[in-house]
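Presented below is the structure to which this report refers.
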Amino acid sequence: MNETEFVAALRKLPLHAGARGLEDDCAILDLGSETLVITHDMMTEDTHFRPHADMADVAWKLLACNLSDLAAKGAEPIGVLLGHSLGSNDARFLEGLNEGLVTYGVPLLGGDTVATTGTSTYGMTAIGRATHVPVPSRKGAVVGDGVHVTGPVGRAMLGYEGDPEHLAAFNRPVPRLAEGRALAPLANAMMDISDGLLLDCWRMGWVSGVTLALDSALLPVADPARLADCVRWGDDYELLFTAPADSILPAPAIRIGEVRARSGAPLLLDETPLGDPARLGYRHG
């Protein structure tokens, strides 16, 4: 199975209402007066990092991508659980994990360790507290909304390729936690950009039952000469959101298009329908 087929099969299993039909990056659980936001992300060698990567960077990125999911829900982190494969410079991994936890004020809650002779894989579960309800989802985009992104895309791609100016964007991305909390009361739909701007726009349009119409001249990219690559590569962890057209945004963001009634494809780029998600970004399998 590829990723899409596997998730479709998971939807046939018993699901909690807080799973949101597995159409979002987080589960939402109401507990008394609090709403918890829970997410889980994994990283594996050769797919998410090179075999000889600095394990401190791997640990930082594992934490950051989980916190980025919380950011897209406007959540305040409570703590994380770690799943760790022993053997790949564990001491250096712990150094990077400690740096990230201290930087973002997030405590470790526990987890599990395993020894493996295969490919190293690391997992993390992040738990947050919603700062605004209803908690934003991918599927809330409303016709007439503006489509916005909190920063440029393509920096991680350039960093992966060795551009010294953008190495940190690939190795140590910054989750937009403050921006997410500020935007949560305003955003009709919100998610983080992990698999490419175009693919994540397609996903938002699809699940919302609308069309996101983007203007390529407005897209903030790290290298305008490689716009097509920048909007497909992923690993950017900026926030993608829609908000009413007349909104005064409480956080820096760039408007890149508008939400229209669904007419065919869930994504338009310069009025050209983009209907095949396999060509728009990164998907596992």
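The values are calculated or read from the model by the stated rules, or taken from the named source; none is laboratory data. Please read these numbers as outputs of a predicted model, since none were measured by experiment. So basically every Cβ, Gly included, is an ideal-geometry build from the backbone, and we count neighbours across all protein chains shown.
Structure above, values below:
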item: Region 93-112 residues that are more than 9 Å from Val80 (Cβ to Cβ), paired with ones that are part of a loop (DSSP other than H, G, I, E, B) and among the β-branched types (Val, Ile, Thr) (beta carbon under 8 Å, 6 or more apart); result: Gly100/Val106
item: Residues of region 93-121 satisfying the condition of being closer than 17 Å to Ala64 by Cβ and either part of a loop (DSSP other than H, G, I, E, B) or charged (D, E, K, R) (or both); result: Glu95, Glu99, Gly105, Val106, Pro107
item: Of residues in region 56-113 being aromatic (Phe, Trp, Tyr) and surrounded by 23 or more Cβ atoms within 10 Å (Cβ to Cβ), the one nearest to Val174 (Cα to Cα); result: Trp60
item: Any hit, region 100-107, residues being under 16 Å from Met43 (Cβ atoms) and out of contact with any His (no Cβ under 7 Å at 6 or more places or on another chain); result: yes
item: Criterion: closer than 11 Å to His148 by Cβ, touching a residue at least 40 places away in the same chain (Cβ under 8 Å) and surrounded by 19 or more Cβ atoms within 10 Å (Cβ to Cβ) - qualifying residue of Ala184, Ala243, Ala222, Ala213; result: Ala243
item: Among the candidates Thr119, Thr125, Thr131, residue that is over 30 Å from Ala217 (Cβ atoms), among the β-branched types (Val, Ile, Thr) and without any contact (Cβ under 8 Å) to a residue 60 or more places away in the chain; result: Thr131
item: Residues (in contact with a Lys or Arg (Cβ under 8 Å, 6 or more places away or on another chain) and either at pLDDT below 95 or of a type in the set (Asp, Glu) (or both)) located in region 56-93; result: Asp57, Glu76
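Residue by residue, here is whether (1) of a type outside the set (Gly, Ala, Ser); (2) in contact (Cβ under 8 Å) with a residue 60 or more places away in the chain holds:
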residue: Ile193; (1), (2): yes, no
residue: Leu197; (1), (2): yes, yes
residue: Met204; (1), (2): yes, yes
residue: Trp233; (1), (2): yes, yes
residue: Leu249; (1), (2): yes, yes
residue: Glu271; (1), (2): yes, no
residue: Ala278; (1), (2): no, no
